[in-house]
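Inspection log for the structure reproduced underneath, given as structure tokens.
Rule-based calculations on the coordinates, nothing more; no lab input. Remember, predicted model here, so these are calculated numbers, not experimental data. Neighbour counts run over all protein chains shown; Cβ positions are idealised from the backbone, glycine included.
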Number of protein chains: 2
Amino acid sequence: MPNFDDILAAAERLAPWVHRTPIATCSTLDRLAGRQLFFKCEHLQKIGAFKFRGAMNAMLQLPEEAAARGVVTHSSGNHAQALALAARLRGVQATIVMPANSAAVKRRAVIDYGARVVDCAPNLAARESTTAQIQAETGATLIPPYDHPQIIAGQGTAALELLEQVPDLDAVIAPVGGGGLMAGTCLAVRGRAPQVKLFGAEPLGANDAARSFAAGKFVPQTDPHTIADGLRTSLGELTWPILRDHLEEVITAGEEEIIAAMRLAWERAKLLIEPSSAVPLAALLGEVFRQKPGLRRIGIILSGGNVDLAALPFK
Amino acid sequence: MPNFDDILAAAERLAPWVHRTPIATCSTLDRLAGRQLFFKCEHLQKIGAFKFRGAMNAMLQLPEEAAARGVVTHSSGNHAQALALAARLRGVQATIVMPANSAAVKRRAVIDYGARVVDCAPNLAARESTTAQIQAETGATLIPPYDHPQIIAGQGTAALELLEQVPDLDAVIAPVGGGGLMAGTCLAVRGRAPQVKLFGAEPLGANDAARSFAAGKFVPQTDPHTIADGLRTSLGELTWPILRDHLEEVITAGEEEIIAAMRLAWERAKLLIEPSSAVPLAALLGEVFRQKPGLRRIGIILSGGNVDLAALPFK
């Protein structure tokens with residue numbers, strides 16, 4: 001289990017490598033939310049998402065002999081780009097297993113960062129078996145996308161910066177997919193500012209965290225339906241207990257609310273965020289959250305900005 | 001004529017009112033440009049553009065008795081929103097004369113900021129006569145969009161911040177429309193870091209500044225054709241001599257280059273900028289500029305992010 005010291009160590013390790021991303025504010029969004037919102041701009045992080053923090057943290061701790069054999073992961077999303085860039089920066093060969101139907105722009109970005117792309121059928125079994133085959137052939141180390149102590153510790157450094165950049169927050173909210181960002185955020189906030197409340201935000205169409213909370217035990221995500229493509233995965237064995245122990249609540253948002261929040265972020269705040277990042281804003285703007293008393297200043301972690309400009313959800 | 005002291009005074013006056021916007025960097029864009037680029041993110045300024053700096057600077061210097069009679073301007077662009085918000089913050093009535101064919105989203109934003117909108121025919125003569133009529137009726141003070149010492153001084157505060165945020169720049173580049181931002185930038189850079197070279201960037205389809213440089217005298221813009229809607233205006237009587245005296249050169253970019261640069265900024269750097277703001281990046285990525293020696297570190301002022309999401313130029 002990762003802890004607060006791991007996050008502090010990750011922050012020191014990552015300092016020369018990551019962008020210390022800025023905080024954005026927008027009075028129009030404050031008015032709509034009825035509170036002061038502070039956006040931690042991880043869409044301006046390297047590769048356009050917080051995922052670089054975790055991947056780089058793992059990469060920097062890889063022993064020399066393992067590094068020589070390379071790294072591998074399966075991802076069609078931001079973790080693919082994150083690992084590709086992190087590996088290049090350490091001079092390590094990365095292999096990314098991607099479903100053959102992945103967006104061309106994502107494939108190109110991974111290749112641009114110098115990684116090798118191996119196609120597989122678009123299902124989890126094919127992804128895992130192809131990855132295992134590459135591990136067996138090359139001895140490459142698997143760097144998983146979220147359920148790993150070094151990944152969680154890396155992701156937590158975003159919240160650590162947020163707390164340094166914005167004093168006196170009443171709450172911090174982040175999106176929940178596999179839970180790596182949210183778990184790291186929980187550990188960072190509990191360690192640095194234990195009085196700050198923690199909320200997760202999830203699409204209604206991929207609400208495994210909300211259902212896990214309701215059931216009091218881990219409920220896997222089976223059939224996700226949401227535009228928020230970064231949040232379709234299940235929580236992990238490491239991330240679920242951390243969320244369970246530290247979150248006040250998981251707030252959900254419907255698809256129309258997510259798209260409307262994304263549009264508001266683009267139009268009014270000029271924040272080029274992807275749908276997954278609009279979920280916490282959508283949650284804050286919903287009636288359920290607006291009724292909550294005593295939360296004046298809220299930090300929101302904007303997780304990423306990797307969207308396909310040829311297929312935007314705006315009409 | 002405004003001078004460096006006016007910019008220092010504007011910076012002090014504006015400090016409680018403007019966002020100190022962040023600097024963004026992107027290694028992919030650095031690689032494409034062959035230099036280190038530092039983007040001053042004025043699209044994250046209030047109202048989504050640098051224009052708020054100048055409008056607020058003018059508003060804060062308006063005498064009480066003039067403030068009671070209100071302010072007026074004609075604009076279909078960012079100056080309209082800038083003046084509307086600046087007036088609201090000082091509790092002054094603003095009237096914005098807008099061509100009847102202005103985009104609904106811009107009209108709505110102006111009204112949201114509490115200004116009164118008066119329609120006119122979509123030509124300069126109608127804009128000016130309608131504005132003059134409102135001045136005569138109400139005694140309102142005209143706040144022009146760029147050719148005014150207080151506006152120029154306000155716009156110069158963005159470059160002043162840039163120089164504080166990024167040491168050892170070799171050059172600063174900004175877009176040139178009416179020249180208010182560029183003139184303020186020239187004065188700020190000459191006053192604070194006189195060794196830094198200054199460049200202007202202009203669409204080929206609205207190249208009055210480049211033609212003025214070539215002719216050695218002010219050549220007005222007559223028939224602009226460019227997607228960069230903030231850069232279609234002529235230079236002014238105040239802005240032209242400042243640009244003439246301080247700019248190394250005005251670099252131009254074609255329409256396809258502007259759209260390609262905007263797309264790169266969105267896709268690779270997650271900077272939600274409007275076409276006018278992509279012009280300096282397009283200029284830097286062009287062969288003419290790429291050949292220039294000795295410019296390692298370049299500051300780019302990203303002027304704004306007000307785009308119509310229903311009419312993006314991406315295919």
Under the rule rounded for a/c under 1.5, else prolate if a/b exceeds b/c, else oblate, using alpha carbon gyration tensor axes a ≥ b ≥ c, region B:120-215 is classed as oblate
Ranked by GNM mean-square fluctuation in chain A (Cα springs under 10 Å), the top entry among A:Pro122, A:Pro224, A:Pro99 is A:Pro122
Here the whole-number average of other chain Cβ atoms within 10 Å per Cβ of B:42-48 is 4
The protein assembly as shown, Kirkwood Rh and Cα Rg, ratio Rg/Rh at 0.99
Residue-ordered couplings for region A:194-200, obtained by feeding phi - 60° into the Karplus form 6.51 cos²θ - 1.76 cosθ + 1.60 and rounding to whole Hz (Gly and Pro as x), are x, 7, 6, 6, 10, 10, x
With x for Gly and Pro, the residue-by-residue ³J(HN,Hα) of region A:250-258, computed from phi through the Karplus equation 6.51 cos²θ - 1.76 cosθ + 1.60 at θ = phi - 60° and given in whole Hz, is 10, 9, 10, 9, x, 4, 5, 5, 5
For region B:219-265, one quarter of the surface area of the C-alpha convex hull, expressed in nm², comes to 4.2 nm²
In order over region A:141-148: 3J(HN,Hα) from phi, Karplus 6.51/-1.76/1.60, θ = phi - 60°, whole Hz, x for each Gly or Pro, gives 8, 7, 10, x, x, 8, 8, 7
Expected integer from the mean partner chain Cβ neighbour count at 10 Å over B:26-36 is 1
Distance in Å, no decimals, from the C-alpha centre of region A:14-48 to the one of region B:16-75 is 18 Å
So for chain A, using the alpha carbon gyration tensor with a ≥ b ≥ c as root eigenvalues (a/c under 1.5 gives rounded; past that, a/b versus b/c decides prolate or oblate), I'd call it prolate
Region B:120-160 and region A:89-165 have their Cα centres apart by a whole-number Å value of 54 Å
Interchain or sequence-distant (5+) residues whose placed amide H lies within less than 5 Å of the amide H of A:Ala201 are A:Ala174, A:Val176, A:Ile251
With bins of 5 Å, the percent of all Cα-Cα pairs of region B:158-299 per bin from 0 is 2, 11, 21, 22, 23, 15, 6, 1
From the Cα centre of region B:266-309 to that of region B:188-204, the distance in Å is 15 Å
For the protein assembly as shown, the dipole about the Cα centre with charges only on Cβ (Lys and Arg +1, Asp and Glu -1), to the nearest 20 debye, works out at 180 debye
Note on chain B: contact order normalised by length, alpha-carbon pairs under 8 Å, 6 or more apart, percent, works out to 22 percent
Checked region A:52-142 with the C-alpha gyration tensor, a ≥ b ≥ c its square-rooted eigenvalues, rounded below a/c of 1.5, otherwise prolate if a/b is larger than b/c and oblate if not; verdict oblate
For A:Val117, the residues 5 or more places away or on another chain with a placed amide H closer than 5 Å to its own amide H are A:Ile96
Once the in-chain neighbours fewer than 8 apart are removed, the lysines whose Cα is under 22 Å from A:Lys106 read A:Lys46, A:Lys51, B:Lys270, B:Lys315
Within 10 Å of the Cβ of an average residue in B:264-274, the count of other chain Cβ atoms is 5
Region A:52-142: relative contact order from alpha carbon pairs under 8 Å, six or more residues apart, as a whole percent, is 33 percent
